[in-house]
Amino acid sequence: MTIDVGVIGVGMIGQDHIRRLTHVLSGVRVAAVTDVDLDRARTVAADLPDSPTVHDSGEDLIADPRVDAVVVTSWGPTHEGYVLAAIAAGKQVFCEKPLATTEEACSRIVDAEVATGRRLVSVGFMRRYDDQYRAMKAVVTGGEIGSALVMHAAHRNPSVPDFFTSDMIINDSTVHDIDVARWMFDDEIAAVTVLKPRVSSKARDGFHDPLLVLLEMASGVIVDVEASVNAGFGYDIRGEVVCEDGTVELSEAAGAIVKGAGRFGGRVPTDWRERFVRAFDAELQAWIDAVAAGGTTGPSAWDGYAATVACETGLRALASGVREPVTMRERPDLYKES
């Protein structure tokens, strides 16, 4: 069975997903595309096999009876409308993070999905599909080195565009670590504190970079995330869980370590596409297979809601300089096993 997918948004990540849907993954075909820039959508479509339809809007694409399922990779504030339209149409939808940009918007999506009585939404937190993170979680969940106490994490970008703000360090970068923390420990975040270290000389005026984000899990585990977006040297992702009887950490991601002439070294990934290319592939293949089987898989609308609430709490903590508690609605039964 081949799933006909419509892609809403053909910017950088949209085109990267279209590449893997077309050339890497199996059981799927890109049947339709659209973008706020229709000329860009037409250009992308012209290079694809099977002549996908270019729709004037995301709503038109979702309503197309030839589209079996929807991938949303458009600008974050547009996600709510497209996901709600997909739910109303009864179509499975894969939405890149964020699910939506506010707690209220995410809650409306949760309510709409719960009203259908089945899961239709999957959110693009690809680190759950990364082999290294999965190996780390298997050790933590297995308990072979005792109960988890602390997690150290780092998210370092070589640079960011001029439109990037201090707030985006939390809701665009650290959001991945927030989801990893919830998934790693099967737990919710109870409070967030944001500390402002000495500002990097590479940061623009008024830009707080780096930030240290402290997540208090409900179980008492503490997660510290060093978030830096002007690191310069590469895209560097770190993670270590300290347990009662040992530690488990991510290994270096970029191939072999070379030793010679009294030195050793290796490559650092240049960007997120290089570091997580296999995770993206695995994530979307798992989703396609689930859609073909009549369901969905992966991070749920509840996971998207919880991540957005934690990010909003982090932004309050960034502004206030004090510990901010996380307050969430009750988890609906639909997501109790998620």
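Every number in this text was worked out from the coordinates using simple rules, so none of it is lab data. Quick caveat, the model's predicted, so the values are computed rather than measured. All Cβ positions, glycine included, derive from the backbone under ideal geometry; neighbour counts span all protein chains shown.
Which order do Cys243, Cys95 fall in if you start with the one that has the fewest other Cβ atoms within 10 Å?
Ascending number of Cβ neighbours within 10 Å: Cys243, Cys95.
If the elastic network links every pair of Cα atoms under 10 Å, which of Ser228, Ser320, Ser107 fluctuates the most in the Gaussian network model of the chain?
Fluctuation is largest for Ser320.
Highest GNM mean-square fluctuation, the chain, Cα pairs closer than 10 Å: which of Val71, Val121, Val326?
For the chain, modelled as a Gaussian network with Cα springs under 10 Å, the answer is Val326.
Determine ³J(HN,Hα), in whole Hz, for all residues of region 152-163 in sequence, where each value follows from phi through the Karplus function 6.51 cos²θ - 1.76 cosθ + 1.60 and θ = phi - 60°; x replaces Gly and Pro.
Taking θ as phi minus 60°, the curve returns 9, 9, 9, 10, 10, 9, x, 6, 9, x, 4, 7 Hz for region 152-163.
Work out from phi, with θ = phi - 60° and the Karplus expression 6.51 cos²θ - 1.76 cosθ + 1.60, the ³J(HN,Hα) of each residue of region 133-143, listed in order in whole Hz, and give x for Gly and Pro.
5, 5, 5, 4, 5, 4, 5, 4, 5, x, x
Which cross-chain or sequence-distant (5 or more) residues have an amide H under 5 Å from the amide H of Ala191, H modelled 1.01 Å from N in plane?
Amide H neighbours of Ala191, under 5 Å, 5+ apart: Glu216, Val326.
Summing -39500 (n - 2.57) over the DSSP H runs of n ≥ 4 in the chain and dividing by its residue number, what mean residue ellipticity at 222 nm do you reach, to the nearest 500 deg cm²/dmol?
Rounded to the nearest 500, it is -10500 deg cm²/dmol.
Could you give the Stokes-Einstein D for region 253-311 in µm² per second, using the C-alpha Kirkwood radius, 25 °C, 0.890 mPa s?
After rounding, the answer is 165 µm²/s.
Go ahead and collect, in residue order, the members of region 241-273 whose backbone nitrogen is under 16 Å from a label point 7 Å along the Cα-Cβ direction of Ala138.
Only 248-251 fall inside the zone, counting backbone N under 16 Å.
Give the long-range amide H neighbours of Gly124: residues separated by 5 or more places, or on another chain, with amide H under 5 Å away, using H modelled in the peptide plane at 1.01 Å from N.
Correct list: Cys95, Glu96, Lys97.
If I take all pairs of Cα atoms in the chain, what percentage of them are more than 34 Å from each other?
That tail contains 25 percent of the Cα-Cα pairs.
What share of all Cα pairs of region 67-202, in percent, falls into each consecutive 10 Å distance bin?
9, 33, 32, 21, 4, 0
Quick one: Cα convex hull volume of region 179-307, Å³ per residue?
Cα-based convex hull of region 179-307, divided per residue, equals 190 Å³.
Quick check: Cα centre of region 119-180 to Cα centre of region 227-256, how many Å?
11
Return one quarter of the surface area of the convex hull spanned by the alpha-carbon atoms of region 101-150, equal to its mean projected area, in nm².
Convex hull of Cα atoms, orientation-averaged projection: 5.7 nm².
Mind jotting down a quarter of the surface of the convex hull over the alpha carbons of region 1-151, in square nanometres, one decimal?
With the hull built on Cα positions only, its mean projection is 11.1 nm².
Go through region 213-229 residue by residue and turn each phi into a ³J(HN,Hα) via Karplus (6.51, -1.76, 1.60, θ = phi - 60°); whole Hz please, and just put x for glycine and proline.
Using θ = phi - 60°, the values come out as 9, 9, 10, 9, 7, 4, 6, x, 5, 10, 10, 10, 10, 8, 10, 10, 10 Hz.
Need the list of lysines near Lys91 for cross-linking: C-alpha distance under 25 angstrom, and skip anything on the same chain fewer than eight residues off.
Straight-line reach from Lys91, under 25 Å: Lys336.
Evaluate the relative contact order of the chain (contact order divided by residue number), counting alpha-carbon pairs under 8 angstrom at least 6 apart; express in whole percent.
20
Could you identify which residue out of Asp50, Asp289, Asp281 has the top mean-square fluctuation in a GNM of the chain using Cα springs shorter than 10 Å?
Asp50
Any idea what the dipole of region 74-115 comes to, in debye rounded to 20, about its Cα centre with Lys/Arg Cβ at +1 and Asp/Glu Cβ at -1?
Dipole size: approximately 160 debye.
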